Amino acid sequence: MGNLSIFSAFVVTLLAHCVLVAQAATEPATGGAAGEPVEHYPFHWIKVHGWLMWLGMGLLMPVAIVMVRFSQQARARGDLKTVRTLVYAHIFIQVIAVLAVICSAVVAIMKFDNNFHYTHERLGLALWILVWLAPLVGFIRPDHGMKSRPAWYAAHWLFGTAGVLLGFYNIYTGLHAYELMSGKSLRTLNILFSIQLSIVAFIYLTQDRYQYFKEQGRFSKSVTPMYNDQKPKDEGLDAHTQGLPNV
């Protein structure tokens, strides 16, 4: 049933992205810097490529990572139903993200001159490799308690985190490249993307502190001091222990 759901997700999202590509390829650019004609630049496909990359690497993959972080808190509470839901949501969103990146890469291969002279192109190739590595490693995960689980977790986390961070940086290089080609300023998009990254980073860094923040307002019972892993007897309390404050 799980494999069927994943396959269905692939099919549905692939069709959705085909529609997205068809709708996005609308208006070609007509002007450039200092009135220079830019008809030789396929700006409508550049926009499709950029928006698909933002959808996959700039939005969906960070959301999937945050969901896994929330699942860790649910696991600590023993809420296995929530853990299962968040993990499946993580997989589903990752599937959509990978499909978006695939569509974006197809556009780049079919419509652009890929000579790999530019940083954006070389980083894009490295990103393409990482985008495939993280999901492939994720699908072969060992069960909890197995000796290979720590190594698998480290590899999956490393590939996923590196891919997202590299994707963030490459989105900025892509925006800069578009500004150079079109002669238009994308300052607003740069600011909005930076705000989005700040929000994602804030949620990522603080979500595991949420329960801790809630507990700060609760009454905490006093803790009896321990000496050599043993509680002191009542009659044996001396001046060293009687004056200790409650903590």
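The values are calculated or read from the model by the stated rules, or taken from the named source; none is laboratory data. Keep in mind the model is a prediction, meaning the values are calculated, not measured. Note that each Cβ is placed from the backbone with ideal geometry, even for glycine, and that neighbours are counted across all protein chains shown.
Conditions (1) over 14 Å from residue 97 (Cα atoms); (2) at pLDDT 80 or above; (3) assigned to a helix (DSSP H, G or I), marked per residue:
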position	(1), (2), (3)
34	yes, no, yes
37	yes, no, no
48	yes, yes, yes
53	no, yes, yes
56	no, yes, yes
69	yes, yes, yes
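Looking at the range 97-111, which of the residues that are crowded, with 21+ Cβ neighbours inside 10 Å and among the β-branched types (Val, Ile, Thr) is nearest to the chain's Cα centre (by Cα)?
Taking the candidates together, the pick is 101.
Output the residue which, of all residues in the range 123-151 that are basic (Lys, Arg) and surrounded by 13 or more Cβ atoms within 10 Å (Cβ to Cβ), is farthest from the chain's Cα centre (by Cα).
Filtering the range 123-151 for residues that are basic (Lys, Arg) and surrounded by 13 or more Cβ atoms within 10 Å (Cβ to Cβ), the one farthest from the chain's Cα centre (by Cα) comes out as 149.
Test each condition in (1) in contact with a Leu (Cβ under 9 Å, 6 or more places away or on another chain); (2) assigned to a helix (DSSP H, G or I); (3) farther than 28 Å from residue 77 by Cβ for residue 155 and report the one that comes out false.
Among (1) in contact with a Leu (Cβ under 9 Å, 6 or more places away or on another chain); (2) assigned to a helix (DSSP H, G or I); (3) farther than 28 Å from residue 77 by Cβ, residue 155 violates only (3).
Can you tell me which residues in the range 182-204 are part of a helix (DSSP H, G or I) and over 25 Å from residue 64 (Cβ atoms)?
182, 187, 188
Would you mention how many residues in the range 44-66 are more than 8 Å from the chain's Cα centre (by Cα) and crowded, with 20+ Cβ neighbours inside 10 Å? Steps first, please.
At the first step, the residues of the range 44-66 found to be more than 8 Å from the chain's Cα centre (by Cα) are 44-56.
From what is left, the residues that are crowded, with 20+ Cβ neighbours inside 10 Å are 46, 48-50, 52-56.
Count: 9.
Scan the range 71-87 for residues that are surrounded by 18 or more Cβ atoms within 10 Å (Cβ to Cβ) and more than 16 Å from residue 153 (Cα to Cα) and jot them down.
The answer is 83, 86.
Return only the number of the condition from (1) closer than 30 Å to residue 183 by Cβ; (2) part of a helix (DSSP H, G or I); (3) of a type in the set (Phe, Trp, Tyr) that residue 116 does not satisfy.
Condition (2) is where residue 116 drops out.
Residues checked against (1) modelled with pLDDT of 70 or more; (2) touching a helix residue (DSSP H, G or I) at 6+ places or on another chain (Cβ under 8 Å):
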{"site": "145", "(1), (2)": "yes, no"}
{"site": "156", "(1), (2)": "yes, yes"}
{"site": "194", "(1), (2)": "yes, no"}
{"site": "210", "(1), (2)": "no, yes"}
{"site": "235", "(1), (2)": "no, no"}
{"site": "240", "(1), (2)": "no, no"}
{"site": "245", "(1), (2)": "no, no"}
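Does residue 179 fit the bill of being at pLDDT 85 or above, over 21 Å from residue 93 (Cα atoms) and in a helix (DSSP H, G or I)?
When the stated conditions are applied, residue 179 passes them.
Cβ-Cβ under 8 Å, sequence separation 6+ or interchain: first residue in the range 81-98 and in contact (Cβ under 8 Å) with a residue 60 or more places away in the chain, partner of a type in the set (Phe, Trp, Tyr). Which pairs?
95/10
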